[in-house]
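One structure below.
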Amino acid sequence: MMILFSVTTFAKETFTKTSFIVSGNCDMCKSRIEKAAKLKGVKSVVWNETSHILTLIFVVNIVSVDEVQQNIAQAGYDTPKFKAEQTSYYNLPQCCHYDRDK
């Protein structure tokens, strides 16, 4: 009789916390921004409507801050490193049209 054992080893995940500004206006922006930032490897994301600061906790070897910022920009919101395409910005609901740097 043969018995097989399966051993699963989990690598220790290293979490990093960072914050950056994301342009937006309202609760609908909050929902869209947080959804766009919730990529694989992101443990927690909170965008503050008043301060416009997004706080991100993520696994360094799974996702990068640049990937998260790029995904947020694709959703229509400007980040420090990536500006949303005009079409993405204009596709946002009218209340979500924040003041953009020229």
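Throughout, read-outs are computed from the coordinates displayed, never taken from laboratory work. Values in this document were obtained by computation on a predicted structure and should not be read as measured data. Every residue, glycine as well, gets a Cβ built from its backbone with ideal geometry; the counts of neighbours run over all protein chains shown.
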Here is a list of conditions, (1) touching a residue at least 40 places away in the same chain (Cβ under 8 Å); (2) closer than 22 Å to Thr14 by Cα; (3) in contact with a strand residue (DSSP E or B) (Cβ under 8 Å, 6 or more places away or on another chain), and Glu34 meets all of them except one; can you say which number that is?
(1)
Let me spell it out: the conditions are (1) among the hydroxyl-bearing types (Ser, Thr, Tyr); (2) touching a residue at least 60 places away in the same chain (Cβ under 8 Å); (3) touching a strand residue (DSSP E or B) at 6+ places or on another chain (Cβ under 9 Å), and Thr55 meets all of them except one. Which number is the exception?
(2)
All but one of (1) over 17 Å from Ile21 (Cα atoms); (2) basic (Lys, Arg); (3) touching a Ser or Thr at 6+ places or on another chain (Cβ under 8 Å) hold for Lys43; which doesn't?
(3)
Could you tell me whether any residue of the range 38-50 is aromatic (Phe, Trp, Tyr) and under 17 Å from Asp101 (Cα atoms)?
no
